[in-house]
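The next block holds one structure in the form of structure tokens; read it before the comments.
The values are calculated or read from the model by the stated rules, or taken from the named source; none is laboratory data. On a predicted model such as this, the values are computed, not experimentally measured, just so you know. Cβ coordinates were reconstructed from backbone atoms using ideal geometry, including for glycine residues, and neighbour counts include every protein chain displayed. Surface areas here come from the heavy atoms of the whole protein model, side chains and all, with no ligands, DNA or RNA. Shrake-Rupley method; radii C 1.70, N 1.55, O 1.52, S 1.80 Å.
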Amino acid sequence: MSKVSNRTKIATALVGALAFAISNSVVADPLTDVQKADGKIHAQAAASQKTVDKYFDQAQDMLFEYSSVADERESLKAYNDYLASLVADQEATMKSIQDDINGVDRLRQGVVPLMFKMVEALDQFVALDLPFNTEIRKERVENLKKLLNTAEVTLAEKYRLILDAYNIEREYGRFLGIETGQLNIDGKEVLVDFLNLGRVSLYAESLDQKSGWMYNQQTQSWDPLDDSYLRELTKGIRMARKQGAPDLFSLPIPAAEAAQ
């Protein structure tokens, strides 16, 4: 073989090798690009998934927060409605109190003159009544008169004390009353026990139980009591002092006209 042929063969071989190399290079580059593109797609998909997951989590958090806010709003609305009802009730109460306050002056204008009349009537009643517990009863009336002109005592307290005095006077008519005192008989002071049968009649007995008297309201004087009644009078005095068992006793009483 000639040198030309060998060179030709070598050149041909080189050209073939080069062509093969070029052919492999041309095939490898698109594959690499596809692999790179595929990897990039996967990376982008992973990044997108992370973004989606992030937004989903944010959406879930926002949904939970919205639900909490909605619940809180309902609670606040219910609480506000409750407060509104309280305020309305308080306003109604305040209006009622204000109406009462406005009526106090009108009430005062009517009550004050009434209290003065009540005390004056009580004073006259004690003066005209049977003379038992006289000093205590008159003192009570005088205290009420002073009380009416005292600014330190409230109107309600004054009215209450007047009613208390009336109740005490009422109770006097329901029980046997007993007290010891002096009785002026024919210009002579005699120490006696006074016995009152409510407001029906009033008696007096000397401490030696030898003399007795009955009060005459018409003449406002003391009439001697018949000796036959002394024992009954003593029994009544003992009963009034809780010194004897409850029992019946007989004493004269004033006529109906005198009792009036």
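For first residues located in segment 158-173 and in contact (Cβ under 8 Å) with a residue 60 or more places away in the chain and assigned to a helix (DSSP H, G or I), partners that are surrounded by fewer than 18 Cβ atoms within 10 Å (Cβ to Cβ) and not β-branched (Val, Ile, Thr) and lie 6+ apart or on another chain with Cβ distances below 6 Å do not occur.
Let's see how each residue does on (1) crowded, with 16+ Cβ neighbours inside 10 Å; (2) of a type in the set (Lys, Arg); (3) closer than 22 Å to GLN220 by Cα; (4) free of Cβ contacts under 8 Å to residues at least 24 places away in the same chain:
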| site | (1), (2), (3), (4) |
| --- | --- |
| LEU122 | yes, no, yes, no |
| ASN133 | yes, no, yes, no |
| ARG137 | yes, yes, yes, no |
| VAL141 | yes, no, yes, no |
| LYS145 | no, yes, no, no |
| LEU155 | no, no, no, no |
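The residue that is farthest from the chain's Cα centre (by Cα), counting only those in segment 191-219 that are open to solvent by 10 Å² or more (accessible area, probe 1.4 Å) and β-branched (Val, Ile, Thr), is THR219.
What do you reckon, is PHE132 part of a loop (DSSP other than H, G, I, E, B) and modelled with pLDDT under 90? Write out each step before concluding.
On the way: part of a loop (DSSP other than H, G, I, E, B): yes; modelled with pLDDT under 90: yes.
Yes; evaluated as a whole, the condition is true for this residue.
Residue by residue, here is whether (1) surrounded by 10 or more Cβ atoms within 10 Å (Cβ to Cβ); (2) modelled with pLDDT of 80 or more holds:
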site	(1), (2)
GLN44	yes, no
VAL52	yes, no
PHE56	yes, yes
ASP89	yes, yes
LYS95	yes, yes
ARG106	no, no
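Per the listing TYR203, TYR229, the residue uniquely free of Cβ contacts under 8 Å to residues at least 40 places away in the same chain and among the aromatic types (Phe, Trp, Tyr) is TYR229. Among the residues that make up segment 174-184, is at least one of them polar (S, T, N, Q) and more than 23 Å from TRP222 (Cα to Cα)? No, segment 174-184 has no match at all. The residue of segment 231-260 that is modelled with the lowest pLDDT, among those that are over 13 Å from LEU197 (Cα atoms) and of a type in the set (A, V, I, L, M, F, W, C), is ALA258.
Return the residues of segment 175-230 that are of a type in the set (A, V, I, L, M, F, W, C), in a loop (DSSP other than H, G, I, E, B) and either over 18 Å from LEU251 (Cβ atoms) or modelled with pLDDT of 90 or more (or both); say none if nothing qualifies.
Within segment 175-230, LEU207, LEU225 meet the criteria.
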